[in-house]
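Engineer: There's a structure below that I have some questions on.
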Amino acid sequence: MDILVEISENLQKGKAKVVKELVGQAVEQGIPAKEVLEKGLLAGMDVIGEKFKNNEVFVPEVLVAARAMNMGASVLKPLLADGDQTSAGKVCIGTVKGDLHDIGKNLVKMMMEGKGLEVVDLGTDVAPETYVETAVNQHCQIICCSALLTTTMPVMAEVVKAAEKAGIRDNVKIMIGGAPVTEAFCEQIGADKYTPDAASAADAAVELCRAAG
């Protein structure tokens, strides 16, 4: 059996230690780190993302798979650091001001990292200015806002306005999501993209980064 397929399959089962060992073996066999990342780790996360979208696996499975991915990726990090690391894009993510929910945000972050995106996690209760400053300072292509309370949804509109005010609105895409958020609300506030779940958010972010690139 191909070792990259083995990495992918063990990652899907959430076997973090096995994944870490296999990644080490793959590197010893002379397989390029980028290939191990893409065809082993990211390929496994892709499958989990699809299954999650189709309700075949749930949050706990995604969490253990993501942990396995992170353990495998930790072996590759030093090897990828020599300029070989071409990230798919850069995103900053956070739950908006007044809202302390972070399970959805964390899930989106994992899915995005699983797609090879670089993610700056701002945590919860994030002010509009913080999103904008981070996007400018860290050169992010996308700002992702999450809200789980109807009362905090209007903060998303403030994020859009803050980006306009800072003059970065043309360069930075704004994605929004969370249980009460809808496509209609996204259009109403002038954000770029609404997605109903974490896996779709990751796919959309990759597309937006590609378009921006």
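Engineer: Long-range amide H contacts for Val120: which residues qualify at under 5 Å (H placed 1.01 Å from N, peptide plane, sequence gap of 5 or more or a different chain)?
Structural biologist: Correct list: Val91, Cys92, Ile93.
Engineer: Provide Rg over Rh for the stretch 1-106; use the alpha carbon set for both Rg and the Kirkwood Rh (inverse mean inverse pair distance). Before the final figure, lay out each step's value.
Structural biologist: On the way: Rg = 14.9 Å, Rh = 14.6 Å.
Ratio value, two decimals: 1.02.
Engineer: Sort 97-107, 36-46, 140-150 by packing, meaning the average of other beta carbons within 10 Å per residue, with the highest value first.
Structural biologist: 140-150, 36-46, 97-107
Engineer: Could I ask something else about it? Only Lys, Arg, Asp and Glu count, each charged at its Cβ (+1, +1, -1, -1), so figure out the dipole size of the chain about its Cα centre, rounded to 20 debye. Present the calculation step by step, with values, prior to reporting the outcome.
Structural biologist: On the way: 21 positive and 30 negative charges, 41 e Å.
Once rounded to the nearest 20, the dipole reads 200 debye.
Engineer: Now, a different point. How much accessible area does Glu9 have with a 1.4 Å probe, in Å² rounded to the nearest 10?
Structural biologist: Accessible surface of Glu9 is approximately 80 Å².
Engineer: If I model a spin label at Glu133 and Lys77 as a point 7 Å from the Cα along the Cα→Cβ vector, what separation in nanometres do I get?
Structural biologist: The answer from the label model is 2.6 nm.
Engineer: Given the pairs Lys109/Lys165; Lys39/Lys109; Lys15/Lys109; Lys77/Lys161; Lys17/Lys193, which span a C-alpha to C-alpha distance of over 31 angstrom in this model?
Structural biologist: Numbers: Lys109/Lys165 27 Å; Lys39/Lys109 20 Å; Lys15/Lys109 20 Å; Lys77/Lys161 37 Å; Lys17/Lys193 37 Å.
Checking Cα-Cα distances, Lys77/Lys161; Lys17/Lys193 exceed 31 Å.
Engineer: A follow-up question, please. Answer rounded, prolate or oblate for the stretch 59-135, using the Cα gyration tensor with square roots of eigenvalues a ≥ b ≥ c: rounded when a/c is under 1.5, else prolate when a/b is larger than b/c, else oblate. It would help to have the intermediate numbers written out before the result.
Structural biologist: Values: a/c = 3.03, a/b = 1.39, b/c = 2.18.
Oblate, since a/c reaches 1.5 and b/c is not below a/b.
Engineer: Just grab the label-to-label distance for Ala179 and Val27, each label 7 Å out from Cα along the Cβ direction, in nm (one decimal).
Structural biologist: 4.1
Engineer: Still on this model: Taking Cα atoms, how many degrees apart are the long axis of helix 103-114 and the longest axis of the chain, rounded to 10 and kept between 0 and 90?
Structural biologist: Taking the Cα atoms of the chain, the angle to 103-114 is about 50 degrees.
Engineer: For the stretch 151-213, what class follows from the C-alpha gyration tensor (a ≥ b ≥ c being the square roots of its eigenvalues): rounded when a/c is under 1.5, otherwise prolate if a/b is larger than b/c, else oblate? Mind showing how you got there, number by number?
Structural biologist: Numbers: a/c = 2.30, a/b = 1.01, b/c = 2.28.
It is oblate, given that a/c is not under 1.5 and a/b is not larger than b/c.
Engineer: Straight-line reach from Lys105: which aspartates and glutamates have Cα under 16 Å away, leaving out those fewer than 8 places along the same chain?
Structural biologist: Glu113, Glu118, Asp121, Asp125, Asp197, Asp203
Engineer: Restricting to Cα pairs below 8 Å that are 6+ residues apart, what does the relative contact order work out to for the stretch 121-213? Please round to a whole percent. Intermediate values should be presented prior to the final figure.
Structural biologist: Values: 113 pairs, mean separation 25.3, N = 93.
27 percent.
Engineer: I need the per residue convex hull volume for the chain, using only the alpha carbons, in cubic angstrom as a whole number. Spell out each step's value before the answer.
Structural biologist: Numbers: hull volume 24.0 nm³, N = 213.
Normalising the Cα hull of the chain by residue number yields 112 Å³.
Engineer: Solvent-accessible area per residue for the chain at a 1.4 Å probe radius, Å²?
Structural biologist: Working: 10270 Å² over 213 residues.
It amounts to 48 Å² per residue over the chain.
Engineer: Could you tell me how many degrees, from 0 to 90 and to the nearest 10, lie between the Cα long axis of helix 154-165 and the main elongation axis, the longest principal axis, of the Cα atoms of the chain?
Structural biologist: Approximately 90 degrees, to the nearest 10.
Engineer: Still on this structure: Compute the relative contact order of the stretch 5-76 as a whole-number percentage, counting only Cα pairs closer than 8 Å that sit 6 or more residues apart in sequence.
Structural biologist: Values: 90 pairs, mean separation 36.1, N = 72.
Dividing the mean separation by the residue count of the stretch 5-76 yields 50 percent.
Engineer: Report relative contact order for the chain in percent, whole number only (criteria: Cα-Cα under 8 Å, sequence separation at least 6). Can you show the working numbers first?
Structural biologist: Working: 380 pairs, mean separation 39.8, N = 213.
Worked out over the chain, it gives 19 percent.
Engineer: Would you mind calculating the gained length between Ile168 and Ala211 on full extension (0.36 nm times residue separation, minus the Cα-Cα distance), in nm to one decimal? It would help to have the intermediate numbers written out before the result.
Structural biologist: Working: separation 43, 0.36 × 43 = 15.48 nm, distance 1.64 nm.
Contour length minus Cα-Cα distance gives 13.8 nm.
Engineer: Let me ask something additional. Specify which residue in the list Asn171, Ile48, Pro78 is farthest towards the positive end of the charge dipole of the chain, using unit charges on the beta carbon of Lys, Arg (+1) and Asp, Glu (-1), about the Cα centre.
Structural biologist: So the residue furthest toward the plus end is Pro78.
The values are calculated or read from the model by the stated rules, or taken from the named source; none is laboratory data. Predicted model only: the values in this text are computed from it and were never measured. A quick note on method: Cβ atoms are made from the backbone with ideal geometry, for glycine too, and the neighbour counts reach across all protein chains shown. Note: areas computed on protein heavy atoms with side chains; ligands, DNA, RNA excluded. Shrake-Rupley method; radii C 1.70, N 1.55, O 1.52, S 1.80 Å.
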